[in-house]
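All remarks here apply to the structure that follows.
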Protein chains: 2
Amino acid sequence: MKILLAQSAGFCFGVRRATTMAFEAAESRDRICSLGPIIHSPQLVEKLEEKGVRVLRQVEEITGGTVIIRSHGVTSQELDALGERDVEIVDATCPFVKKAQEHADLLSSEGYTVVLVGEKDHPEVQGIVSYARQGDVYVVADPEDAVALPRCSRMGIVAQTTQSIENLRTIVDICLEKCKELRIYNTICDATSVRQNEARSIARQADVMLVIGGFNSANTNRLARICRDIQPRTHHIETAGQIESQWFDGAKTVGITAGASTPRWIIDEVVKRVQA
Amino acid sequence: MKILLAQSAGFCFGVRRATTMAFEAAESRDRICSLGPIIHSPQLVEKLEEKGVRVLRQVEEITGGTVIIRSHGVTSQELDALGERDVEIVDATCPFVKKAQEHADLLSSEGYTVVLVGEKDHPEVQGIVSYARQGDVYVVADPEDAVALPRCSRMGIVAQTTQSIENLRTIVDICLEKCKELRIYNTICDATSVRQNEARSIARQADVMLVIGGFNSANTNRLARICRDIQPRTHHIETAGQIESQWFDGAKTVGITAGASTPRWIIDEVVKRVQA
């Protein structure tokens, strides 16, 4: 059986940076936590917990020591509240997410109606939206949401960094007729589109496709959806242990890719298991 | 034979305004000219000539008296050159075209690469482009032109007021991946899209379609193209005299629309001729 492993599988720049910052901080501090899971990989979060990094959900639970801001960022209100506490902040927010937060801030302060293209419940989205502090702000997940937007004179669009360019494009098309001025910051991270394009190419060649990553990872879920549209025999797994041998019946070529928050060791285990 | 006459046929706001300004100015001035034809209707330009309004092509030819700036506007260089002469200026530039000029000016001065969606040789386009005085500026007529654009960090788009929303949308789609920030002023005039939508609707019901307007009128040519795509039996005419009776062989319904610079009396003559 031939294995096609995506070169772009696994950690993106922002996740690698956040993970490194978290392990380094854990080395030198006694009392350390992260506000929400540092990245959407339960396996990596577990490894960090072994090093003493507790995952706390609320600012109120943090009473001292060091707090790591996860790669997806937090809301401006949470950051303000942390600033008022006696804690050291290690900000591991992905620089691309930071940029999206800054653009939302700028558009909002310049009087634009802010439209964020992304998933309403995703922490990255909630973080970015919180920076649009003035005027109207809408989260738009799909074309249907965009059609429902009210007309306005000036509209500013920012995207969740892991959105697909196709979704952004369709929503821009709709918004173009909703306003007289449309200002778009294409904050989709290059890593996302590179990964998605490579996944498409591999899915076209594969009889079975494996997509590895946290079930709570938006970008992995999207990656699985993209692959499934091309190759229905696509399986989204978190670890090698979830692989079932009958998936590969009659398959000559197996494609493998992984989300931005999937650690290398998990990818290696999956490749080994498929080979076996 | 049933006639479907478009309600939106004929003069738009800007053309009506420019025509009224020109006739009023002609009433009270002895020495009067326009820089280029005031609107793209040879028949109306002829009527104005009878009132003493000469059409001059170059600023250098204008040595005094009153000059009318046509509805399509002129270049900023021409306006500056006129300002240095001993002439009275009656600025009949369409307010929507003026807005597009102002947006090009603003985008250019704020450091955007300016992209004007429009026809390279059209006077309105040449006027708007001239206001993008700093940095790069490109005129993009179609998707092919847009694909050839170089990448840049910040791109600002303005549209010729008579462009179709479909062309603008397609070009925006392409530009979205050419830059990190895309700022679009949708300067397409509502009158244009209303007229185009009504033309589509009538063309679908008609066996023969007549589109009336100057052969040098961009918006009339575009209107004819839109109708021809739906109803191949579409004829673009300037006057009733050009109608040929065999066009209507076997036709039960005739649709009629007209460009933004087509005077009412010409439309009335066409309707009369078709009825006869």
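Please treat every number below as a calculation from the coordinates, not as lab data. As the structure is a computational prediction, the values presented were derived from the model and not from experiment. All Cβ positions, even for glycine, are placed from backbone atoms using ideal geometry, and neighbour counts span all protein chains on display.
Side notes on the structure shown:
- Of all the options A:GLY127, A:GLY214, A:GLY250, the one that moves most in a Gaussian network model of chain A with Cα springs shorter than 10 angstrom is A:GLY250.
- Other residues lying with their Cβ under 11 Å from the Cβ of A:ILE174 contribute a combined charge of -2, Lys and Arg counting +1, Asp and Glu -1.
- Ordering A:VAL137, A:PHE215, A:ALA203 by Cα displacement along the dipole of the protein assembly as shown toward the positive end leaves A:ALA203 in first place; charges were set at the Cβ atoms of Lys, Arg (+1) and Asp, Glu (-1).
- Computed from Cα atoms alone, the Kirkwood hydrodynamic radius reported for region B:13-92 is 12.3 Å.
- Placing a label point 7 Å from Cα along the Cα-to-Cβ direction at A:GLN7 gives distances to the equivalent points in the other copies of 5.9 nm, listed shortest first.
- Net charge of the neighbourhood of B:VAL90, taken over other residues with C-beta under 11 Å away and scored Lys/Arg +1, Asp/Glu -1, is -1.
- All-pairs Cα distance distribution in the protein assembly as shown, expressed in whole percent, bin size 20 Å: 19, 38, 27, 14, 2
- Most mobile listed residue (B:GLY255, B:GLY156, B:GLY135) in chain B, GNM with C-alpha springs under 10 Å: B:GLY135
- Neighbour counting of Cβ atoms within 10 Å sorts the residues A:LEU56, A:LEU168, fewest neighbours leading, into A:LEU56, A:LEU168.
- Max mean-square fluctuation residue, GNM over chain A, Cα-Cα springs under 10 Å, options A:THR66, A:THR192, A:THR170: A:THR170
- From the C-alpha gyration tensor of chain A, square roots of 5λ in Å: 33, 28, 12
- Estimated translational D of region A:161-276 in µm²/s (Stokes, Kirkwood radius over Cα pairs; 20 °C; 1.002 mPa s): 140
- Only helices enter the 222 nm calculation for chain A: every DSSP H run of n ≥ 4 contributes -39,500 (n - 2.57), and dividing by all residues gives -12500 deg cm²/dmol, rounded to 500.
- Table column - 3J(HN,Hα) (Hz), region A:109-115, Karplus curve with 6.51, -1.76, 1.60, x for Gly and Pro: 6, 8, x, 7, 6, 8, 10
- Estimated FRET transfer efficiency when R0 is 51 angstrom, pair B:ARG57-A:ARG264 (beta carbons, to 0.05): 0.15
- Each Lys and Arg adds +1 at its Cβ and each Asp and Glu adds -1 at its Cβ; summed about the Cα centre, the protein assembly as shown shows a dipole of about 1160 debye.
- For the protein assembly as shown, with +1 on Lys and Arg beta carbons and -1 on Asp and Glu, the positive-most of B:PRO150, A:THR192, A:VAL55 along the dipole: A:THR192
- Likely footprinting exposure, B:VAL90, B:VAL74, fewest C-beta neighbours within 10 Å first: B:VAL90, B:VAL74
- Surface/4 of the Cα convex hull for region A:96-188, nm²: 4.8
- In plain terms, the residue of A:GLU84, B:GLU110, B:GLU78, B:GLU102 with the fewest other Cβ atoms within 10 Å comes first and the most crowded comes last, giving A:GLU84, B:GLU110, B:GLU102, B:GLU78.
- Cα shape, region A:232-276, gyration tensor, a/c 1.5 rule: prolate
- Förster radius 56 Å - calculated FRET efficiency between B:THR170 and B:ILE3, Cβ distance, rounded to 0.05: 0.95
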